[in-house]
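> Have a look at this one before I ask anything.
The values are calculated or read from the model by the stated rules, or taken from the named source; none is laboratory data. The structure displayed is predicted, hence computed values, not measured ones. Positions of Cβ are generated from backbone atoms using ideal geometry, with glycine treated the same way; all protein chains shown enter the neighbour counts.
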Amino acid sequence: MVPMELRLTGAAAEAVRDRAREAGVSDHLLRIAVVAGGCNGLSYDLYLVPEALPDDAVVESCGVRVAVDAASARLLEGTLVDLRGRSFVFQNPRARKSCSCGASFEV
């Protein structure tokens, strides 16, 4: 397991809980992964999962457990996940360039 720092704001954590309730999921983790795509080459992929994988970093922030794979953890270290409207936005200190919507980035 890779140790890492990743935080959610209270608004982002509440949005995760709301989406889990809407999906009828009671025990879950939020998985955040970095994937190829977006206008800057990399984007964030978020979804609910029932459990972490053996090599995941797992952090808890504002009462939400977050699982991140080892490769993504290196790119997400120190990131703050916030909410803008109904969309998650990322303040990622590793990003050299981000799009205006905060959904994709370049390292």
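> Considering only the stretch 68-84, I want to know if a residue exists there that is assigned to a strand (DSSP E or B), out of contact with any Phe, Trp or Tyr (no Cβ under 8 Å at 6 or more places or on another chain) and crowded, with 19+ Cβ neighbours inside 10 Å. Even if it seems obvious, please write down each step before you answer.
Here is the first cut: in the stretch 68-84, the ones assigned to a strand (DSSP E or B) are 68, 79-84.
Within this subset, residues satisfying the condition of being out of contact with any Phe, Trp or Tyr (no Cβ under 8 Å at 6 or more places or on another chain) are 68, 83-84.
Filter again for crowded, with 19+ Cβ neighbours inside 10 Å, leaving 68.
Checking the stretch 68-84: at least one residue is assigned to a strand (DSSP E or B), out of contact with any Phe, Trp or Tyr (no Cβ under 8 Å at 6 or more places or on another chain) and crowded, with 19+ Cβ neighbours inside 10 Å.
> Condition first: surrounded by 19 or more Cβ atoms within 10 Å (Cβ to Cβ) and in a loop (DSSP other than H, G, I, E, B). Now tell me which residues in the stretch 42-67 satisfy that.
Result: Asp56, single match.
> A follow-up question, please. Which residues, counting only those in the stretch 11-32, are closer than 17 Å to Leu83 by Cα and surrounded by 13 or more Cβ atoms within 10 Å (Cβ to Cβ)? Give the derivation first.
The initial filter retains those residues of the stretch 11-32 that are closer than 17 Å to Leu83 by Cα, namely 11-20, 30-32.
Within the stretch 11-32, Ala11, Ala12, Ala13, Glu14, Ala15, Val16, Arg17, Arg19, Ala20, Leu30, Arg31, Ile32 qualify.
> Also, I was wondering about something else. Which of the residues spanning the stretch 1-15 are assigned to a loop (DSSP other than H, G, I, E, B) and at pLDDT 95 or above? First the steps, then the outcome.
In the first step, residues of the stretch 1-15 are kept if they are assigned to a loop (DSSP other than H, G, I, E, B); the result is 1-5, 9.
The one that is assigned to a loop (DSSP other than H, G, I, E, B) and at pLDDT 95 or above: Thr9.
> Here's something else I'd like to know. Just one of (1) at pLDDT 90 or above; (2) under 19 Å from Val16 (Cα atoms); (3) among the hydrophobic types (A, V, I, L, M, F, W, C) trips up Ala70, so point out which.
Condition (2) is where Ala70 drops out.
> Can we say Arg65 is among the basic types (Lys, Arg) and touching a Leu at 6+ places or on another chain (Cβ under 8 Å)? I'd like the intermediate steps shown before the answer.
Working: among the basic types (Lys, Arg): yes; touching a Leu at 6+ places or on another chain (Cβ under 8 Å): yes.
Spelling it out, Arg65 is indeed among the basic types (Lys, Arg) and touching a Leu at 6+ places or on another chain (Cβ under 8 Å).
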